[in-house]
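Here's the structure we're looking at; comments come further down.
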Amino acid sequence: MDDRTREYLKGRFGDYYRRASPALPPDANLREWGHIPWTRGSGTTMLRHQSLYDLGDVDTFFADNAPRHAYFSAARYDDPGASTMSQKGWRSADLVFDLDA
């Protein structure tokens, strides 16, 4: 994707996020969060191992950063922002089915 297209899309995503207020999952502060920013080049970089503490106010984070994609874990952790899975301290998880045709 060229720079002009990337900047245009980031601007449109930012416009959307400034008007929207995403619904948070239950126990949002116990979940790991990740997102894919609008990085240059053809590769995709996911930033993960983040907690709500790392992101701050979700509405402000989305409006300011306008990520291409955003994710939260189905699991709940003692320390969702820890850098390794073994340090997170798993508590529980939602039961999730991914059905593909």
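Each of 21, 47, 11 was placed along the dipole of region 7-51 (beta-carbon charges, centred on the mean Cα), and the one lying farthest toward the positive end is 11.
Per residue, the accessible area of region 3-92 comes to 62 Å² when a 1.4 Å probe rolls over the protein heavy atoms. Accessible surface of residue 8, taken over heavy atoms with a 1.4 Å probe and every protein chain present, rounds to 130 Å². If you add up the charges near residue 80, with Lys and Arg at +1 and Asp and Glu at -1, over every other residue whose beta carbon is less than 12 angstrom from its beta carbon, what do you get? The answer is 0.
Relative contact order of region 3-92: 33 percent, from C-alpha pairs under 8 Å at least 6 residues apart in sequence.
Within the shell of other residues whose beta carbon sits under 13 angstrom from the beta carbon of residue 31, the net charge comes to -2, with Lys and Arg scored +1 and Asp and Glu -1. Looking at region 16-47, the trypsin sites (Lys or Arg not before Pro) that sit in a DSSP loop and have at most 13 other Cβ atoms within 10 Å of their own Cβ are 40.
Accessible area of residue 79 (1.4 Å probe, protein heavy atoms only, ligands and nucleic acids ignored): about 80 Å². Projecting the Cα atoms of 92, 56, 1 onto the charge dipole of the chain (Cβ charges, centred on the Cα centre) puts 1 farthest toward the positive pole. Projection of the Cα convex hull of the chain, averaged over all directions and equal to a quarter of that hull's surface, yields 8.0 nm². How much of the accessible area of the chain, probe 1.4 Å, is carbon plus sulfur, in whole percent? Answer for the chain is 52 percent, counting heavy atoms of protein chains only.
Heavy-atom accessible area for residue 46, with the other protein chains in place and a 1.4 Å probe, reaches approximately 90 Å².
The values are calculated or read from the model by the stated rules, or taken from the named source; none is laboratory data. Because the structure is a prediction, the values reported are computed rather than measured. Glycine also receives a Cβ, built like all others from the backbone with ideal geometry; neighbour counts cover every protein chain displayed. Heavy atoms of the whole protein, side chains included, go into the accessibility calculation; ligands, DNA and RNA do not. Shrake-Rupley method; radii C 1.70, N 1.55, O 1.52, S 1.80 Å.
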